[in-house]
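Let me begin by presenting the structure, written as structure tokens, before commenting on it.
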Amino acid sequence: MNTILRKSILGIAGLAFTGGVFAGPVAAHAADTTASVRPVTATVQSDKLIPHGVQGTQSRIDLDDEQTKNVKAIIAATKKAGMDERAAVVSIATALQESKLENLGHLGERNDHDSQGLFQQRPSSGWGTVEQITDPEYSTTAFLKGLKQVDGWQDMPLTKAAQTVQVSAYPDHYAQWEQQAADLVAEHWNK
């Protein structure tokens, strides 16, 4: 990894830590998955899935079986909540940013607070118990409940809608996952 990229990542991790201490449910864990993140070009363009077009450079990771299972769980919870594909795109993009779609437990020294699960929700911030927020259906439902409370979320850029629910130290980082999230919803929504 080149020095500039490594210093940028370490700087971001430091800010995420600082923001995580003060901002509630935040992805301050900054798990080292940078080797698998790469910019991509758009593959799905849909007014329904990406009504505002993607913002900024897009990232993409290859998913393993567990991550794909979590995508399907997010989609199932979204349907169960009576929400549409756009809600699933926002949810999956958020989980991609927060955990890379991995159901994370407490990260110990890499995470000085209690953020856990797909959405890095915190029991101390009222998201639920550890057992609840590490259950993909529960954590997605909790995220969607927050999203439903955001007036006009359907008409907002993804990153603004996600940030309003998550209160991240890095509000613009959700945008980089919009294309992959839309592709995953397009692939799995009707399965």
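Among the trypsin sites (Lys or Arg not before Pro) in the stretch 44-81, those located in a DSSP loop and surrounded by at most 12 other Cβ atoms within 10 Å of their own Cβ are LYS48. When nucleic acids and ligands are ignored and a 1.4 Å probe is applied, MET156 ends up with an accessible area of around 30 Å². Among the protein heavy atoms, those of ASP151 account for about 140 Å² of accessible surface (1.4 Å probe, every chain in place). Element breakdown for the stretch 73-153 at a 1.4 angstrom probe: carbon and sulfur atoms account for 48% of the accessible area.
Among HIS188, HIS52, HIS173, the order of accessible area from largest down is HIS52, HIS173, HIS188, computed with a 1.4 Å probe on protein heavy atoms. Checking the cross-link pairs LYS79/LYS148; LYS48/LYS160; LYS145/LYS191; LYS80/LYS100; LYS80/LYS148 against a 20 Å limit on the alpha carbon distance flags LYS145/LYS191; LYS80/LYS100 as lying beyond it.
Length gain on complete extension for the stretch LYS145 to ASP84, per 0.36 nm per residue less the alpha carbon to alpha carbon distance? All intermediate terms of the calculation are to be shown ahead of the outcome.
Details: separation 61, 0.36 × 61 = 21.96 nm, distance 1.34 nm.
Taking 0.36 nm per residue and subtracting the Cα distance, the gain is 20.6 nm.
The values are calculated or read from the model by the stated rules, or taken from the named source; none is laboratory data. This is a predicted model, so every value here is computed, not measured. Counting neighbours? That spans all protein chains shown, and the Cβs are built from the backbone with ideal geometry, glycine included. SASA here: full protein model, heavy atoms, side chains in, ligands and nucleic acids out. Shrake-Rupley method; radii C 1.70, N 1.55, O 1.52, S 1.80 Å.
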